[in-house]
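> Quick one: the structure is below, questions incoming.
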Amino acid sequence: MDGILPLWKPKGFTSHDCVSKTRGMLKTKKVGHTGTLDPDVEGVLPLCVGKATKIVPFLTDTDKVYEATVSLGHSTTTEDATGEIVDSKDVGSKISITDLKKCLASFRGEITQVPPMYSAVKVNGKKLYEYAREGIEVERPTRQVMIKEIELMGEEITYQDQSASFSIRVVCSKGTYIRTLCVDIGKALGYPAHMSFLIRTKTGDITKEDCYTFDEIQKTVDEGKRDGLLLPLSRGLNHLNSWEIDEKMKSLIKHGQVLETPEEISYPLFSVKCQGEVLAIYQQHPNKPGYIKPVRVF
């Protein structure tokens, strides 16, 4: 089996749990996930199977789309609803939709984030959540992420018990912490905040509509149609430019030949296809100007 299994990750599973369960269901060891989702979050989690494991870093590097709920009035240790409350403030007056939209717009573009203490980011070889569980606060490295789109969903703010909440849709680069984004939005509005809900609706070119649940996967496997579950490698590389070659070039590409840069190629990284089939990923040669070399050959 070679291809991308578009899984709708359920709540209660880590991304590694999903890989382990899929290996058992498909009876294959070569399975890799393409971007961690927290256990309490559901959503699009493409799993690369067989030869497709070679594209894991490229699919992981794609934009993601999330739908989240920002809750104002309380901040928590984990920046989501699972943590202990660390700060509270009554949302005493209503926030205008116009002001909220202006606030959200201020987060578009490149922003700086500080990863949450309850995260898998490593500091001095140790994961931040390990420090957090020991009650140790450490200096966290900042990171630059890109918020390509952010918009209010539903055009309303819900008020209840001196708190308020609203839903947003975010298109962002890999490595973005939506929990932290929700907290920072709250700070910009003048309130402690946390993320009370999150789903991932898209990874790269793969959407919720493409995905299967574990029950659907098991049913398909039981019917003997497991190969029909997989998307082609090309679906995981649609964010890259591509170079279409003819049959004469196919053997050279399959053998990973270093080649002169074709006139029509000006981008640094691209997929190579023959009649729609992805054969390899190539890049401009780092040491030989005017040449290209393979990064992955399938």
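We did not get these values from a lab; they are worked out from the coordinates using the rules stated. If you're wondering where the values come from, they're calculated on a predicted model, not measured in any experiment. Neighbour counts run over all protein chains shown; Cβ positions are idealised from the backbone, glycine included.
> Expressed as a fraction of 2.2 N^0.38 Å, the rule-of-thumb size for a compact globular protein of N residues, what is the C-alpha radius of gyration of segment 191-298?
Here the answer is 1.48, to two decimals.
> Sticking with this structure for a sec: Would you mind putting 28-39, 122-133 in packing order, based on average other-beta-carbon counts within 10 Å, highest first?
Packing proxy ranking, top to bottom: 28-39, 122-133.
> Can I ask one more? What dipole magnitude, in Debye to the nearest 20, does the chain give about its Cα centre under +1 on Lys/Arg Cβ and -1 on Asp/Glu Cβ?
1040
> Taking the radius of gyration and the Kirkwood hydrodynamic radius from Cα positions alone, what is the Rg/Rh ratio for the chain, to two decimal places?
Details: Rg = 22.0 Å, Rh = 21.4 Å.
In the chain, Rg relative to Rh is 1.03.
> Taking the Cα centre of segment 240-297 as origin, sum charge times position over the Cβ atoms of Lys and Arg (+1) and Asp and Glu (-1), and report the length of that vector in debye to the nearest 20.
Using Cβ point charges on Lys, Arg, Asp and Glu, segment 240-297 gives about 300 debye.
> Give, to the nearest whole percent, the P(r) tail of segment 240-297 beyond 15 angstrom, counting all Cα pairs.
Value for segment 240-297 (Cα pairs over 15 Å): 39 percent.
> So how compact is segment 64-203: Cα radius of gyration and Dmax in angstrom?
Rg and Dmax of segment 64-203, Cα atoms, are 14.9, 45 Å.
> While we're looking at this one, here's another question. Which value, in nm² and rounded to one decimal, describes the direction-averaged projected area of the C-alpha convex hull of segment 130-210?
8.0
> Considering only DSSP beta bridges where both residues belong to segment 64-203, give the percentage that are antiparallel (nearest 5). Before the final figure, lay out each step's value.
Working: 37 of 38 bridges.
Around 95 percent of the beta bridges assigned by DSSP in segment 64-203 are antiparallel ones.
> Another question, if that's okay. So how many Lys-Lys pairs in segment 240-297 land under 16 Å Cα to Cα, not counting same-chain pairs under 8 apart?
Close lysine pairs under the 16 Å cut-off: 6.
> Right, another one. Where in segment 73-109 is the amide nitrogen less than 20 Å from a point lying 7 Å along the Cα-to-Cβ axis of Met153?
Residues passing the 20 Å test: 73, 79-82, 97-98, 100-109.
> Say a paramagnetic label sat at a point 7 Å from the Cα of Val258, along Cα to Cβ; which residues of segment 272-298 have their backbone N under 15 Å from it?
Answer for this model: 283-295.
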